[in-house]
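Q: Structure below; questions to follow.
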Amino acid sequence: MSDVRQSASPPAPAEGIARRRGLLFVLSSPSGAGKTTLSRALLTDDPDIAMSVSVTTRAARAGEVDGRDYHFLEVADFERMRDSGDLLEWAPVHGNFYGTPRLPVMDRLALGSDVMFDIDWQGAQQLADKVPTDLVRVFILPPSAAILAERLRKRGLDDEAVVARRLAGASIEIDHWAEYDYVLVNDDFAETLERLKTILAAERLRRARQDGLAGFVAELQRGL
Ligand code: 5GP
């Protein structure tokens, strides 16, 4: 197992007017709605946000890398982390456990950087309880049930039984769409990505997140 507790090195904190509070950017959707592709594209285009790498007890899929896609754990290791308070949130999803290591997230936030989460509705609810003011929640919907089923099959990552389980789970995930701040229908990938970037840009500009503003305004007024 890779070292889950170790924090990835975040960028140096911004100074002066650029100083701001980091935010937690949560993306939820049923499997197959395009969330992983969208989050990867956003990460590539934006150096100020990092992905939270979850721990999970599910087996790695072909091509997945331990420490990059997930930290793959045995159930006993997961339970140890959970029971010692090392997880910011955790939930059972599709018969496995998933959770967010606390330390890397807190380290980045303290330095005014953002963290993106690919977590389900249960995790989003827990973050809403624990860190309500720093949280921005986005729900991604597929354009239709038929397209969702087709995307899951085309992915070819899971066998037919798993696909059927994920489709059944999709409706449960979608039940929670109204708990999110923003909802995007992922019909056109490029357009959805642009909308996601717009949401992030606007949320970073919220007055309450701009810690550097008060000093700037005071300085401005001294000059008047
Ligand atoms: P997958 O097995 O397809 O990678 O993920 C299955 C589901 O688990 C997805 O809906 C994903 O958002 C969710 N998930 C992944 N990591 C976490 C986590 O750390 N916490 C929670 N609550 N859900 C997660």
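The values are calculated or read from the model by the stated rules, or taken from the named source; none is laboratory data. As the structure is a prediction and not an experimental result, all values here were calculated from the model. We place every Cβ from the backbone using ideal geometry, glycine too, and count neighbours over all the protein chains shown. Protein only, heavy atoms only, side chains kept; ligands, DNA and RNA dropped before computing areas. Shrake-Rupley method; radii C 1.70, N 1.55, O 1.52, S 1.80 Å.
Q: Would you mind classifying region 85-214 by shape? Square roots of the alpha carbon gyration tensor eigenvalues, ordered a ≥ b ≥ c; an a/c under 1.5 is rounded, otherwise it is prolate if a/b is larger than b/c and oblate if not.
A: The shape class here is oblate.
Q: Could you work out the relative contact order of region 119-224? I mean the mean sequence separation of Cα pairs under 8 Å and 6+ apart, divided by the number of residues, in percent.
A: Relative contact order here is 32 percent.
Q: Amide H neighbours of L23 under 5 Å, counting only residues 5+ apart in sequence or on other chains, H built in-plane at 1.01 Å?
A: Excluding prolines and chain starts, which carry no amide H, the hits are D114, V115.
Q: Let me ask you something else. Tally up the carbon and sulfur contribution to the accessible surface of region 154-224 as a whole percent, 1.4 Å probe, everything protein left in place.
A: 57
Q: Quick one: compute the contact order of the chain, relative version, from alpha carbon pairs under 8 angstrom and 6+ residues apart, as a percent.
A: Working: 345 pairs, mean separation 74.8, N = 224.
For the chain, the relative contact order is 33 percent.
Q: Any idea what the dipole of the chain comes to, in debye rounded to 20, about its Cα centre with Lys/Arg Cβ at +1 and Asp/Glu Cβ at -1? Please report the intermediate quantities before stating the final value.
A: Working: 28 positive and 35 negative charges, 84 e Å.
It works out to roughly 400 debye.
Q: What's the longest bit of the chain with no exposed trypsin sites (Lys or Arg not before Pro), using DSSP loop states and at most 14 other Cβ atoms within 10 Å as the test?
A: Longest stretch, sites excluded: 69-205.
Q: Right, here's the next one. Might you report the magnitude of the Cβ-based charge dipole of region 96-224 about its Cα centre, with Lys and Arg at +1 and Asp and Glu at -1, to the nearest 20 debye? Before the final figure, lay out the partial values.
A: On the way: 17 positive and 21 negative charges, 67 e Å.
Here region 96-224 has a charge dipole of around 320 debye.
Q: Hey, another quick one. Which percent, to the nearest 5, of DSSP beta bridges fully inside the chain are antiparallel?
A: In the chain, approximately 30 percent of DSSP beta bridges are antiparallel ones.
Q: A further question follows. Are there any helices in the chain, counted as whole DSSP H runs, that stretch 27 Å or more along their axis by Cα and score at least 0.5 on average by Kyte-Doolittle, and if so which?
A: Numbers: long enough: none.
Going by DSSP H runs, there are no hits.
Q: In the chain, which longest range has no GluC sites (Glu not before Pro) that are both DSSP loop (not H, G, I, E or B) and surrounded by at most 12 other Cβ atoms within 10 Å?
A: Longest gap between qualifying sites, sites excluded: 75-224.
Q: A further question follows. Which whole-number percent is the relative contact order of region 32-95 (Cα, under 8 Å, 6+ apart)? All intermediate terms of the calculation are to be shown ahead of the outcome.
A: Working: 35 pairs, mean separation 14.1, N = 64.
Once divided by the residue count of region 32-95, the mean separation gives 22 percent.
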